[in-house]
Amino acid sequence: MATGEARRDLWRYSCLAVAGTGVVAIGVARGRPASGPAILANSLLVVIAWAAGWAVRSTRQLAASRVSLEHEQAARRLSENRLAMSDVLHDRVGHTLVGVLRQLEAAQALFEVDPVGAGTLIERVTGRVGEAMGEVSAMVVQNQELPAARAELAPTPGGGGVLGDTLG
């Protein structure tokens with residue numbers, strides 16, 4: 001519990017205790033001594049006020065915990081998507097690009113000796129580049145949920161998001 005909230009709760013409960021004591025004191029001043037039922041009623045008022053404050057505080061804490069859990073889950077999904085995207089880029093597209101580079105270097109060396117063979121090699125490279133572009137397109141389509149995860153993590157009025165302003 002925040003220090004300010006604890007102080008407010010202490011102030012509220014102290015006011016209720018003073019008010020209850022005041023009611024008993026007024027009764028004594030009017031010549032009606034504090035009887036068992038009056039003391040019980042005042043004690044009951046203090047207990048009810050405490051229970052109501054506890055219930056409100058517990059409900060607020062539960063709601064804050066639920067929001068925090070939802071943000072943690074959204075951050076985890078975003079992180080998992082980024083990791084999967086990184087794996088695809090490295091394992092598929094990266095290896096394809098290395099292969100394309102080596103084949104283009106070979107075609108360049110072969111061009112002066114065998115232009116037809118160099119042309120065939122370039123056609124094969126073009127096909128591999130097309131496959132790599134298809135993989136990148138599939139990856140983008142597969143990760144369309146990233147904007148939704150980012151929206152879940154975006155700053156909220158007065159509270160900020162999990163990632164705050166780092167989400168471009």
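The values are calculated or read from the model by the stated rules, or taken from the named source; none is laboratory data. From a predicted model like this one, the values you see are computed outputs, not experimental measurements. Please note: Cβ atoms are built from the backbone with ideal geometry, for glycine as well, and neighbour counts cover all protein chains shown.
Structure values in brief
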quantity: Single match in Arg66, Arg124, Arg128, Arg102 (criterion: closer than 26 Å to Val141 by Cβ and basic (Lys, Arg)); calculated: Arg128
quantity: Set Val88, Val67: member being assigned to a helix (DSSP H, G or I) and free of Cβ contacts under 8 Å to residues at least 24 places away in the same chain; calculated: Val67
quantity: Unique match (being over 30 Å from Met139 (Cα atoms), at pLDDT below 70 and in a helix (DSSP H, G or I)) among Gly27, Gly22; calculated: Gly27
quantity: Residue check for Ala106: surrounded by 13 or more Cβ atoms within 10 Å (Cβ to Cβ), modelled with pLDDT of 85 or more and small (Gly, Ala, Ser); calculated: yes
